[in-house]
Amino acid sequence: MKLAPFTLHRPDSAGQASRLLAELGDDGAAYCGGTELLLAMKLGLASYEHLVDLKRVDGLRGISAGADGGVRIGAATTHHEIETSAALRARYPEMPAMISRVANLRVRSVGTLGGNLCFADPHSDPASFLLAVGATLACQRGDELRRVPAAEFLTGLYETALAPGELLTAVELPARPDRTGLSHLRMKLTERPVVTVTALVTLSASASVAQARLIVGSVGSVPFAADAASLIGAAPADFPARAGACADQAAAACAPLPDGEASPDYLRHLVAVHARQALGEAFASAAA
């Protein structure tokens, strides 16, 4: 398989890259790691006459810890840089652990967080994790900046909320509340995860649940937030039963894609099992 000829552009700034993409329209696409885009082009699933290389764009790469307790991850930061980040290991150690299981070392050394999110493949680990922690995605179009909640960024199968010519520039993780536990679980039958589940639980001073989120991904076209309202106020003694009921509701609510990897009933079973386990692990982590 060979790539069709294309013109490569190398802008120096996000504003310049955005304006260039707007001018190119449907004939151009942003490119950084290229682990998914170039494969799609080789297979004939996508075709672009122009690629805009973002690797040299100032400010798109790197991880920094903010004074407010949050963490900023540049969109062009590679998975391997996330996997080995001291800032993330200190504040969100579950994210490097999650990223370390994505693909293989070669892919993680080239592929980027922004590329993963913008490609919007439904079988993705980072998306469900970012929804669970309440991340915000910084986007730029020309000189205009806006911030999009992670829950609103993925709009459909291989579709995002980015406007024509708009770039994802960074992912911003909020400060982590005290006594908050996270668990991210995945299962794959072939190369891609067929189920990803992320649970977040925050405990009050009395050890009851003050906040809970359960995000299910890789099953439907986009990750979705299961109804976790029943977990609020749960004490250690009754949390397992409530978590089980919440997991069963999440499984019933999901709409599995007909992609042939497994039957819808089996995928719903996997969602229930992994959601129950993730909620239990998040609660235990918060209580530790």
Residues of the stretch 247-288 satisfying the condition of being in contact (Cβ under 8 Å) with a residue 24 or more places away in the chain and loosely packed, with under 14 Cβ neighbours inside 10 Å:
Ala255, Ala287, Ala288
What number goes with the only condition from (1) surrounded by 14 or more Cβ atoms within 10 Å (Cβ to Cβ); (2) modelled with pLDDT of 95 or more; (3) under 19 Å from Ala127 (Cα atoms) that Gln211 does not pass?
(3)
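If I ask for residues that are in a strand (DSSP E or B) and acidic (Asp, Glu), which ones from the stretch 124-161 would you list?
Applying the first criterion (in a strand (DSSP E or B)) to the stretch 124-161 yields 136-141, 144-149, 154-156, 159-160.
Selection gives Glu144, Glu159.
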Within the set of pairs 6+ apart or on separate chains, which have a first residue in the stretch 219-233 that is free of Cβ contacts under 8 Å to residues at least 40 places away in the same chain, a second that is open to solvent by 10 Å² or more (accessible area, probe 1.4 Å) and assigned to a loop (DSSP other than H, G, I, E, B), and C-beta atoms under 9 Å apart?
Phe224/Ala255; Ile232/Ser208; Gly233/Ser204; Gly233/Ser208
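Among the residues of the stretch 129-140, is there at least one that is under 16 Å from the mean Cα position of the chain (by Cα), among the β-branched types (Val, Ile, Thr) and open to solvent by 20 Å² or more (accessible area, probe 1.4 Å)?
Of the stretch 129-140, the ones under 16 Å from the mean Cα position of the chain (by Cα) are 129-139.
Still in the running and among the β-branched types (Val, Ile, Thr): 133, 136.
Now restrict to residues that are open to solvent by 20 Å² or more (accessible area, probe 1.4 Å): 136.
Yes, some residue in the stretch 129-140 is under 16 Å from the mean Cα position of the chain (by Cα), among the β-branched types (Val, Ile, Thr) and open to solvent by 20 Å² or more (accessible area, probe 1.4 Å).
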Hey, among the residues in the stretch 95-128 that are of a type in the set (D, E, K, R) and open to solvent by 10 Å² or more (accessible area, probe 1.4 Å), which one's farthest from Pro223 (Cα to Cα)?
Arg106
May I ask you to verify whether Val219 is surrounded by fewer than 23 Cβ atoms within 10 Å (Cβ to Cβ), more than 18 Å from Gly280 (Cα to Cα) and not acidic (Asp, Glu)?
no
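So for the stretch 144-156 (the condition being hydroxyl-bearing (Ser, Thr, Tyr) and without any contact (Cβ under 8 Å) to a residue 40 or more places away in the chain), does at least one residue qualify?
Step one: filter the stretch 144-156 for residues hydroxyl-bearing (Ser, Thr, Tyr), giving 155.
Then drop every residue that is not without any contact (Cβ under 8 Å) to a residue 40 or more places away in the chain, which leaves none.
Checking the stretch 144-156: not a single residue is hydroxyl-bearing (Ser, Thr, Tyr) and without any contact (Cβ under 8 Å) to a residue 40 or more places away in the chain.
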So Ser230 fits all but one of (1) assigned to a helix (DSSP H, G or I); (2) within 25 Å of Gly62 (Cα to Cα); (3) open to solvent by 10 Å² or more (accessible area, probe 1.4 Å); what number is the exception?
(2)
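Being touching a Cys at 6+ places or on another chain (Cβ under 7 Å) and modelled with pLDDT of 95 or more narrows it down to one of Ala76, Ala90, Ala86, so name that one.
Numbers: Ala90 fails: touching a Cys at 6+ places or on another chain (Cβ under 7 Å); Ala86 fails: touching a Cys at 6+ places or on another chain (Cβ under 7 Å).
Residue meeting the stated conditions: Ala76.
The values are calculated or read from the model by the stated rules, or taken from the named source; none is laboratory data. What you are looking at is a predicted structure, and each value in this text was computed from that prediction instead of being measured. Backbone-built Cβ (ideal geometry, glycine too); neighbour counts: all protein chains shown. In case anyone asks, the SASA skips ligands and DNA or RNA and just uses the protein heavy atoms, side chains included. Shrake-Rupley method; radii C 1.70, N 1.55, O 1.52, S 1.80 Å.
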